[in-house]
Amino acid sequence: MKIIKLLRKLVLTVIILIILIAVGFHFYGAKVMKVGVEKGASLALHVPVAVESVNLSILAGKAGLTDLIVSNPPGYQHKNMLELGSAQVSLDIKSVFSDTINIDKILLENITVVLEQRGLTSNNIQDIIDGMASPKKDTEPGKQPTSGKPGKKLLIKELQINEVTVNAKLLPVPGKIDTVRSE
């Protein structure tokens, strides 16, 4: 009799805990994701990254963000290297547990990229890439460590990129425009 009461209390406690986690994630999940994206991307790229908002629907397999801004490294004239108006991803949630993750659609819209040359040998994009490349001491330069296990495969069924603007700031030439805009 005591065991049955104890099991009932345990099951009830687990159910209440699951409900509390679900409710908490519903109200605070987007804020946590926003902070995670900003901090994770800033640490990885070694430049400030900001996001206006993040939305996530785990059960539907959808995620998105709006107004992502990646700053330029210090020393460049333009403040931002990348501005992304919105990004939406939808995937087959069951495929996350298989060998191949099936992404149904990736939609990227309102993108502005600034390629800014500094001197003869460096530019903002290459500086960010160089900052990301930090091989571990026990690996050869440029070679990533391997775990021995094959990774998951990724299948993207549809990739749509809309409204892209590229600004290229070249080396200044007296009397000439040094920023070229392409849409």
Rounded to a whole %, the carbon-and-sulfur portion of the accessible area of the range 1-135 at a 1.4 Å probe is 69 percent
Per its Cα gyration tensor (rounded if a/c is under 1.5, else prolate when a/b beats b/c, else oblate), the range 37-84 is best filed as prolate
Under a 1.4 Å probe, counting only protein heavy atoms, Glu163 has an accessible area in Å², nearest 10, of 130 Å²
Placing +1 on each Lys and Arg Cβ and -1 on each Asp and Glu Cβ in the range 26-131, then taking the dipole about the Cα centre, the residue among Gln77, Gly119, Gly36 whose Cα reaches farthest towards the positive end is Gly36
Taking a label point 7 Å from the Cα of Ile125 along Cα-to-Cβ, the residues of the range 60-89 whose backbone nitrogen sits under 14 Å from it are 81-83
Length gained, Lys153-Lys105, 0.36 nm per residue minus C-alpha separation, equals 15.7 nm
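The values are calculated or read from the model by the stated rules, or taken from the named source; none is laboratory data. Remember, predicted model here, so these are calculated numbers, not experimental data. Please note: Cβ atoms are built from the backbone with ideal geometry, for glycine as well, and neighbour counts cover all protein chains shown. Calculation scope for accessible area: heavy atoms of the full protein, side chains included, ligands and nucleic acids excluded. Shrake-Rupley method; radii C 1.70, N 1.55, O 1.52, S 1.80 Å.
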